[in-house]
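Colleague: Here it is, the structure, as structure tokens.
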Amino acid sequence: MTQTTDAKYLEIFPSWLRTLGDDAKALSKLVATDAPETSRRFVAAGLNYIFKSLDLIPDGIDDLGFLDDAFVVRVAARFAAAEGMSDATITRLAEEAASVEEFLGVDFPRLEAYVRGLLKGAARGRTVDDIIGDDGIRSSFVNEVEGWGTQYAQPSFTRDPKTLIKLRAFLSAKLP
């Protein structure tokens, strides 16, 4: 990546960290809509990943871990939009996925495959099937996402190109 491109990400990524809680709350409302089921599944998978990630993020790398969440949510939104979900938050996040694709380059297809795999994943004892198929679990999930989004505090983000190197290395090591 060039310094100009890296400078762009050093501006974009902190804003994604700032809005992550609000984005999650907005997306949680879409899980219970009449949008196409496949779209709702992608939204649920992306949001469920946040909780999986929370349980795995070691102390000291909150900025990288939450950026990972922001990336997953954007890719999930892109998939949801492609499956017919139409909403201002979905549209914005789906468009922002282009920056994730540009940032990750050749590793982006690995992230896409990972996000698709989240449809079969589970976090905190609930699967996407549980969230979509059970009104009680879905309601509890939406409440949990909204509670998390309200309490979420933006982690610090060092606007240094070394942070982007660490982020790429973190994702490269994490992605299958």
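Colleague: If I filter the range 9-24 down to residues being out of contact with any Phe, Trp or Tyr (no Cβ under 7 Å at 6 or more places or on another chain) and among the aliphatic types (A, V, I, L, M), which single residue comes out as surrounded by the most Cβ atoms within 10 Å (Cβ to Cβ)?
Modeller: L10
Colleague: In addition: Can you give me the number of residues within the range 113-122 that are assigned to a helix (DSSP H, G or I) and surrounded by 14 or more Cβ atoms within 10 Å (Cβ to Cβ)?
Modeller: 5
Colleague: Within the range 123-153, track down each residue that is closer than 15 Å to D69 by Cα and either surrounded by 14 or more Cβ atoms within 10 Å (Cβ to Cβ) or touching a strand residue (DSSP E or B) at 6+ places or on another chain (Cβ under 6 Å) (or both).
Modeller: A123, V145, W148, G149, Y152, listed by residue number.
Colleague: Right, next: Give the residues of the range 7-39 that are hydrophobic (A, V, I, L, M, F, W, C) and not in a helix (DSSP H, G or I), sorted by residue number.
Modeller: Within the range 7-39, A35 is the sole residue that qualifies.
Colleague: Exactly one of these conditions fails for E96: (1) of a type in the set (D, E); (2) surrounded by fewer than 18 Cβ atoms within 10 Å (Cβ to Cβ); (3) under 20 Å from V43 (Cβ atoms). Give me its number.
Modeller: (2)
Colleague: If you go through the range 25-39 one residue at a time, how many are surrounded by 18 or more Cβ atoms within 10 Å (Cβ to Cβ), of a type in the set (A, V, I, L, M, F, W, C) and in contact (Cβ under 8 Å) with a residue 60 or more places away in the chain?
Modeller: 4
Colleague: Could I ask something else about it? If you check A81, A70, A97, A45, which single one turns out to be assigned to a helix (DSSP H, G or I) and free of Cβ contacts under 8 Å to residues at least 40 places away in the same chain?
Modeller: Just a single option satisfies the conditions, and that option is A97.
Colleague: Need the failing condition index for S86 against (1) buried (at least 21 other Cβ atoms within 10 Å of the Cβ); (2) outside any helix (DSSP H, G or I), just the number.
Modeller: Evaluating S86 over (1) buried (at least 21 other Cβ atoms within 10 Å of the Cβ); (2) outside any helix (DSSP H, G or I) leaves (1) as the failure.
Computed from the coordinates by the stated procedures, all read-outs in this text should not be read as laboratory data. Small disclaimer: the values here were computed from a predicted structure and weren't measured. Quick reminder, even Gly has a Cβ in these numbers, built from the backbone with ideal geometry, and neighbours come from all protein chains shown.
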